Amino acid sequence: MNLTVIPLLADRMESEFDVFDALLNTLEKNNTKLQEGDVIVISTKYVSNSQGRIIELEKIRISEQCVEISKKYQLKPEIAEIIVRESDKIFGGIGGFVITSSDNIMAPNAGIDKSNVKKGRVILYPKDPYLTAEQIRRKIFLKSFIHVGVILVDSRLMPARIGTSGVAVACAGIEPVLDMRAKKDLDGNPLKVTFQAAADNLATIANHTMGEGAESKPFAIVRNSEVKLTDKRISSAEMAISPDQCVYVRGLSNSPRD
């Protein structure tokens, strides 16, 4: 059977709501039913909206530290303040962007987004994304007695590439990484360091059909993905490495001197 992606058109929600209830309503309106082994991909912005993770910039109180950061990286002081609050570590940046890490998620400006929110507001990453994904997975099982995977997807810039692709901010019910070590390539050579980012690959496939603008498709179903299902609780440690192990971070910090 071929892999299939089914994007779901949903109502736009303006205030806090229950994502699981919204999923059930969306499935009904799209005349679609979940099947055993499906992977449900959900926009992180949609989840953040459900949690009330939207901030009005005019209500932000700015610290002296963030004033300096805003000057250094040419950001609004309010944005700099939110970046500091949401980040575990700041690596550096350029005009308009600060490279940060929070909960093992490395992203520009701590994942803060101005799209799909009213002017003067920003939307943050979801709170406890792995717990949220796991709760949705369990509710689906308790209601329908089927095993599914859940991925919370965001769009992300890739190094030295134009445009964005999908990335799995969190997942539940699937093995997020496939260990290919000790398997052989086409020439019979054993693979020594290869891991396949299964969750990120599915996130990108789904993100392509969900869109980036006014499509209002915060859900997508990936069917026949052949991903490995699991009942174990997934953590960020299974999907991310520390920045000091990242080839890009290490490479840039070890650049040749003139």
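Each value in this text was obtained by applying a stated rule to the coordinates, not by laboratory testing. Source: prediction; values computed, not measured. Don't worry about glycine lacking a Cβ; one is built from the backbone with ideal geometry, like all the others, and counts go over all protein chains shown.
At an R0 of 25 angstrom, the distance between the Cβ atoms of Glu28 and Arg138 translates into a FRET efficiency of 0.75. By the rule of a C-alpha distance below 20 Å, with chain neighbours fewer than 8 residues away ignored, the aspartates and glutamates paired with Lys232 are Glu36, Asp38, Asp103, Asp128, Glu134, Glu175, Asp179, Asp200.
Put simply, the C-alpha atoms of the range 1-115 give a gyration tensor, and the ellipsoid matching it has half-axes of 36, 17, 11 Å, longest first.
Volume per residue for the range 46-198 equals 160 cubic angstrom (convex hull of Cα atoms). With coordinates expressed along the principal axes, the C-alpha atoms belonging to the range 1-55 extend over 44, 19, 16 Å, beginning with the largest.
Fully extending the segment from Leu178 to Ser236 would add 19.4 nm, taking 0.36 nm per residue of separation and subtracting the current Cα-Cα distance.
A Cα-only calculation for the range 48-102 places Rg and Dmax at 11.4, 34 Å.
Using a/c under 1.5 as the rounded threshold, could you call the chain rounded, prolate or oblate? The axes a ≥ b ≥ c are square roots of the C-alpha gyration tensor eigenvalues, and prolate needs a/b larger than b/c, oblate otherwise. Cα axes put the chain in the oblate bin. Largest GNM mean-square fluctuation across Ser102, Ser144, Ser236, computed for the chain with C-alpha springs under 10 Å, falls on Ser144. When the C-alpha to C-alpha distance is required to be over 30 Å, the pairs from Lys33/Lys119; Lys33/Lys127; Lys118/Lys143; Lys89/Lys143; Lys89/Lys139; Lys89/Lys228 that qualify are Lys33/Lys119; Lys118/Lys143; Lys89/Lys143; Lys89/Lys139; Lys89/Lys228. Label zone of Ser63 (point 7 Å out along Cα→Cβ, amide N under 16 Å): in the range 105-142 this covers 110.
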